[in-house]
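The block underneath contains the structure these notes are about, expressed in C-alpha cells.
The values are calculated or read from the model by the stated rules, or taken from the named source; none is laboratory data. Since the structure is predicted, the reported quantities are computational estimates derived from the model, not experimental observations. Cβ sites come from the backbone with ideal geometry, for glycine too, and all protein chains shown count toward neighbours.
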Amino acid sequence: MTLPKPSSAFTIPSVHDDLELDCRVYYPRFSNSKLFGRAFAILAHPYATLGGCYDDPVVGSVGSTLLQNGITVGTFNFRGAGDSAGRTSWTGRPELTDYVSFYGFMLCCISTLERDAEISSLEKPTGRPPLLILGGYSYGSLIASCLPPTEFVSQLFDAVAEDSAEAEIKSRAEKTARDLGAYFEMLRDGSIGRGRSSLRVPGPVSPTKRGIAMGGYDSEAASRRISRESSRRSLDGDRVRRSLDRARQRLRSRVSSDQYPSTPTAPPSRQGEQVEVVRPDVAYLLISPLLPPISGFTVMFSKPTFEKRDPKTGRIAVKDNSNRDQKFTDHPTCFIYGRRDGFTSSSKLGKWANELHQKASSTFSSYEVDEAGHFWAEKGATGRLQSSVKDWLAIIEQSQVRERGSGAKG
C-alpha cells in the first residue's frame with residue numbers, strides 16, 4: 001500500500017528564509033475510528049542528498065496506514081528535495097525550520113477547523129483536543145526529534161506580521177481547512193461515497209504531475225518571492241473546488257435562520273491580527289531513527305536547535321532550549337526500527353527505547369522488527385511496519401477514549 005494522489009498540493013515559504021517548500025495533504029476515507037476527523041499527522045522524508053523526498057516508499061506505506069485509520073496526513077519536501085527550492089544544509093537547522101513551517105501550517109489548519117466547528121454547531125466543542133502526530137523516517141525522524149514544543153511553535157503564529165512567511169502560511173492553512181471541513185461534511189451527509197478514497201485526481205503521482213493545487217499566495221510580497229503556484233491549477237482541481245463550494249453552501253443553509261443569522265465559518269484572520277492558535281494533543285512517530293555516529297554526518301555532529309532571527313537586525317529573536325528527550329516522556333511516542341538496521345544498531349536503539357520506557361511506561365511504545373533493515377525492503381518488512389503502526393494507533397485511540405471518559409466524569 002502507498003499513498004493515493006494527494007487531495008491538495010501547494011507550496012509554503014519556510015520561516016527560515018522564505019524558500020519555497022512543496023507540500024501535500026491527503027484527506028482520509030470515512031472511518032469508524034475515534035480518530036476520524038480529529039487526528040492529523042506530518043511525515044518527514046529521508047535525507048535529500050541521498051534521494052529522499054516525500055515520494056519515499058516508506059513514507060508512503062506509513063502514510064497510507066494513517067489514512068486508513070481516519071487520519072489526515074501531510075507531507076512536505078525539505079529544502080533541496082524534489083522540487084523544493086534551495087539546497088540541503090550541512091547543519092540540519094534550516095531543515096528543522098522547514099519542518100516547523102509545516103508544523104505551524106498544520107496547527108493553523110487545525111485551529112481553523114476548530115473555530116469553524118464551534119460556529120457551525122453554535123456551541124463550544126467538547127471532549128479532548130484534536131491530535132497531531134509528528135513523524136518522520138530516517139533523517140526525517142532525526143529532524144522530528146529536535147522539534148520545539150507545541151506551545152513554542154504556536155506562539156510563532158498567534159500574531160503574524162504583514163507579508164511575513166508566517167502570515168502566508170496561516171492564510172494557506174485557513175484555505176486548506178475550509179476545503180477539508182467541507183470534505184468531512186460531504187462524507188458525513190453522503191455526498192461522497194464512504195468507501196471511496198479521498199478526493200483525488202486519477203493517475204500516478206510524479207514530481208511533474210501534482211495533485212489538486214488550490215489557491216495562491218495573498219500578499220504582493222509573497223507573489224514577488226514565489227511565482228510557481230499559478231502553474232499548478234488543473235481542470236480536476238477546479239472540479240473538486242466546485243464540489244467543495246457546493247458543500248459550503250449546504251453548510252450555510254443548515255445553520256442560517258432568523259434565530260442564528262451568523263455564517264458557519266469564521267472570517268479569515270487578518271495579517272497582524274491576534275488569533276490564538278489551538279494547541280492540539282501531540283504524539284511522536286519515529287521510523288528508523290538515526291543516532292550517532294551516522295546522524296552526525298548529516299548535521300555536522302551537532303544537535304539542530306530551532307532559532308529564528310530578527311529580519312531587520314539578524315540577531316536571534318527566539319530560540320528553543322528545551323530538552324530533546326523530554327517531549328518523548330511528556331507525550332505518546334512510538335519508535336519502530338529494524339533489527340538489521342545498517343545505519344544505527346538495534347542495540348543502541350533498543351537501549352534508548354528502554355531508557356525512555358522506564359521514564360514513561362504508560363505513553364511510550366517501541367517495536368523492533370526482526371527481519372527489517374533501514375530501508376524496509378526485506379520480504380514482509382513493510383507489512384510488519386504497517387502492523388506496528390496500526391498497533392500503536394489502537395493504543396492511542398484507546399487512551400483518547402479513556403481520557404475523554406474520565407474527563408466527562410469529572
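Taken together, the criteria place S101 among residues that are at pLDDT 95 or above, more than 28 Å from G373 (Cβ to Cβ) and among the hydroxyl-bearing types (S, T, Y). Does the range 349-388 hold any residues that are under 16 Å from L290 (Cα atoms) and among the small types (G, A, S), and which are they? G350, A353, S366, A372, G373, listed by residue number. Taking first residues from the range 333-358 that are over 13 Å from Y137 (Cβ atoms) and basic (K, R) and partners that are part of a helix (DSSP H, G or I) and modelled with pLDDT of 90 or more, the Cβ contacts under 8 Å between residues at least 6 apart in sequence or on separate chains come to R339/S346; R340/S346. Scanning the range 267-294 for residues that are on the phi > 0 side of the Ramachandran plot and at pLDDT 95 or above yields a count of 1.
Number of residues in the range 51-74 that are under 17 Å from S138 (Cβ atoms), touching a residue at least 60 places away in the same chain (Cβ under 8 Å) and within 14 Å of the chain's Cα centre (by Cα) equals 3. Out of all the residues in the range 145-164, which are farther than 17 Å from L132 by Cβ and buried (at least 24 other Cβ atoms within 10 Å of the Cβ)? Selection gives V160 alone.
Is it true that S89 is part of a helix (DSSP H, G or I) and of a type outside the set (A, V, I, L, M)? Before you say what the answer is, go through the steps one by one.
Values: part of a helix (DSSP H, G or I): no; of a type outside the set (A, V, I, L, M): yes.
Here the answer is no, as S89 does not meet what is asked.
For the range 306-334, residues that are touching a Leu at 6+ places or on another chain (Cβ under 8 Å) and over 24 Å from T91 (Cα atoms) total 3. Of the set (1) modelled with pLDDT of 95 or more; (2) of a type in the set (S, T, N, Q); (3) surrounded by fewer than 20 Cβ atoms within 10 Å (Cβ to Cβ), all apply to T91 but (1).
Being without any contact (Cβ under 8 Å) to a residue 60 or more places away in the chain, of a type outside the set (A, V, I, L, M) and more than 22 Å from Q386 (Cα to Cα): is that true of K327 here? Steps first, answer last, please.
Values: without any contact (Cβ under 8 Å) to a residue 60 or more places away in the chain: no; of a type outside the set (A, V, I, L, M): yes; more than 22 Å from Q386 (Cα to Cα): yes.
No: the conditions fail for K327.
Select the helices (runs of 4 or more DSSP H) contained entirely in the range 142-234, then report the ones holding at least 1 residues which are at pLDDT 85 or above and out of contact with any Leu (no Cβ under 9 Å at 6 or more places or on another chain). In the range 142-234, 150-158, 165-188 are the helices (runs of 4 or more DSSP H) which contain 1 or more residues that are at pLDDT 85 or above and out of contact with any Leu (no Cβ under 9 Å at 6 or more places or on another chain).
Take the residues in the range 125-149 that are of a type in the set (S, T, Y) and touching an Asp or Glu at 6+ places or on another chain (Cβ under 9 Å); name whichever of them is nearest to E276 (Cα to Cα).
S145
When residues in the range 343-361 are screened for being in contact with a helix residue (DSSP H, G or I) (Cβ under 9 Å, 6 or more places away or on another chain) and closer than 19 Å to A381 by Cα, 2 of them pass.
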